[in-house]
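Notes to accompany the following structure.
The values are calculated or read from the model by the stated rules, or taken from the named source; none is laboratory data. As the structure is a prediction and not an experimental result, all values here were calculated from the model. Cβ: placed from backbone, ideal geometry, glycine included. Neighbour counts: every protein chain shown. Remember, those area values only see protein heavy atoms, side chains included, never the ligands or the DNA or RNA. Shrake-Rupley method; radii C 1.70, N 1.55, O 1.52, S 1.80 Å.
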Amino acid sequence: MTPTITPQLAEAAARVRQAAETIKQAQIDFLADLIRLKTYTGQEGPAVERTLAEMRACGFADVRTDSAGNALGAVGSGRFSLLYDAHLDENEIADEADWPYPPLQPTVANGKLYGLGASDCKGGVASIVYGARLAAALNLTAACTITVKGATLEEDAEGFAMRHLIERDGFPRPDAVLLAEATDLTLRRGHRGRCEVKVRMRGKAAHASTPELGDNAILKMRPVLDALEAMTASLPADPVLGRGTQVVTMIASPHTPNSVPGWCEATIDRRLTPGETPESVVGQISAAVAGLGAEVSLPVQPVTSWTGLDLSGPAFFPGWLLPEDHPLLAAGKLTCAALWGQAPRVDVWKFSTNGTYSAGAAGIPTLGFGPMEEKYVHTPEDQVDLAKLLKGAMFYALFPLAYSLIHGES
Ligand SMILES: [Zn+2]
């Protein structure tokens, strides 16, 4: 159920729609500048600098980077703290010849802006920066302090940089996180999690001409693989997100074709439902292969920020789901209803996001809304519709007032 649109909110929505025209070109120019910068994961520095400059020009307070190199700035000074998050790193170009327009030359055609990262997630960064700017200019920050974050390291290690900001740099835990990833102007309230697991068997190496002196670790892996496959039917399931999955994706052994292998290691890709933890996953797999002599572990993912900081940590990304009746979801629906006359569709993402930390690990209420379309993410057709881009800013401008009203303040 969508709460009522009060006269105050309706009047504010009208002012947002009208004022949006005044920021339209500046928002496009900012996004075009971001697209010109090639910022693969761990190389976001130039896009971070460009975002800080835009935040300063927009009059944000407390414009800075944290030690992991996220771009941060704030507007408003109310008692509710909102974190607007969109990432500046982008997926790597596979083959430039497949792109209809050069990926690093932003091109406007048919009302759309084409270029690398437009849909994932630089269009989201332009939405939250200009949304916050509009909220401040129209005095609509209401009872909220809004921190805008141009995030780093999302593509390879989603959630790592946000974990660092909150747990190691001491950024106060926000009341809510909004993720401006692709949703095509609808709302997203969760996604499955993922992790990597290693299952290792030890044998005894020997010369291949005398196999009876060794103990073949590859052959010992056979019953382990069967047990791993057999357990997939009973993985945890969620009524909205579906059942978790588990698949063996790689097998490794020593590169010595004339030796009996002394070890064999299987890599597993596991998709997770909310509530699963590193301990529960390792525990389930260990139980499934009990008695076979396998060692089960979670690998550490090596991650270094563009500022040179080591953020390496377990390759574990929890799933999450915001309850259907949560006030944060109500605030998202109310914002859309006030701006455009109807509450949008609510769904879950197929892909993983920084919500894996904010909601999945830290339990902070998290909601997704972005103007970009999922079908263009990680494709040579990478683009954002410019009319939708402006609506992205409108949403982030009005959201703080809707959030405050839902919480009994304005
Ligand atoms: Zn993304």
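On the given criteria, is I28 touching a helix residue (DSSP H, G or I) at 6+ places or on another chain (Cβ under 9 Å) and either open to solvent by 10 Å² or more (accessible area, probe 1.4 Å) or over 23 Å from T307 (Cβ atoms) (or both)?
When the stated conditions are applied, I28 passes them.
Just to verify a result, which residue in the range 187-220, among those that are within 17 Å of the chain's Cα centre (by Cα) and more than 16 Å from the ligand (Cβ to nearest atom), is most open to solvent (accessible area, probe 1.4 Å)?
R189
When you look at E158, is it more than 22 Å from A331 (Cβ to Cβ), in contact with a helix residue (DSSP H, G or I) (Cβ under 7 Å, 6 or more places away or on another chain) and not aromatic (F, W, Y), yes or no?
yes
Which residues, taken from the range 154-186, are among the β-branched types (V, I, T) and open to solvent by less than 10 Å² (accessible area, probe 1.4 Å)?
Within the range 154-186, V177, T183 meet the criteria.
For the range 321-347, which residues satisfy the criterion of being among the small types (G, A, S), under 24 Å from E409 (Cβ atoms) and modelled with pLDDT of 95 or more?
A330, A331, G332, A337, A338
When the residues of the range 31-79 are narrowed to those that are over 18 Å from A132 (Cα atoms) and among the basic types (K, R), which ends up most open to solvent (accessible area, probe 1.4 Å)?
R36
Across the range 266-292, which residue is surrounded by the most Cβ atoms within 10 Å (Cβ to Cβ) among those that are over 27 Å from the mean Cα position of the chain (by Cα) and part of a loop (DSSP other than H, G, I, E, B)?
That would be V289.
When the range 203-215 is examined, which residues are found to be assigned to a loop (DSSP other than H, G, I, E, B) and in contact (Cβ under 8 Å) with a residue 12 or more places away in the chain?
G203, A205, A208, S209, G214, listed by residue number.
Restricting to the range 293-311, give me the number of residues that are part of a loop (DSSP other than H, G, I, E, B) and open to solvent by 50 Å² or more (accessible area, probe 1.4 Å).
Qualifying residue count, the range 293-311: 6.
Is it the case that the range 118-125 has a residue that's open to solvent by 60 Å² or more (accessible area, probe 1.4 Å) and either over 23 Å from A142 (Cβ atoms) or outside any helix (DSSP H, G or I) (or both)?
No: zero hits.
Have a look at K350, K333 and point out the one that is of a type in the set (D, E, K, R) and within 16 Å of the ligand (Cβ to nearest atom).
Sole residue among the options that is of a type in the set (D, E, K, R) and within 16 Å of the ligand (Cβ to nearest atom): K350.
Would you kindly identify the strands (runs of 3 or more DSSP E) lying entirely within the range 142-202 that contain at least 3 residues that are closer than 24 Å to L386 by Cβ?
Hits in the range 142-202: 144-151.
Residues in the range 84-108 that are open to solvent by 10 Å² or more (accessible area, probe 1.4 Å), more than 10 Å from the ligand (Cβ to nearest atom) and assigned to a loop (DSSP other than H, G, I, E, B): how many?
So the answer is 11.
Between G124, G111, G150, which is under 29 Å from T335 (Cα atoms), within 13 Å of the ligand (Cβ to nearest atom), in contact (Cβ under 8 Å) with a residue 24 or more places away in the chain and in contact with a Leu (Cβ under 7 Å, 6 or more places away or on another chain)?
It is G150.
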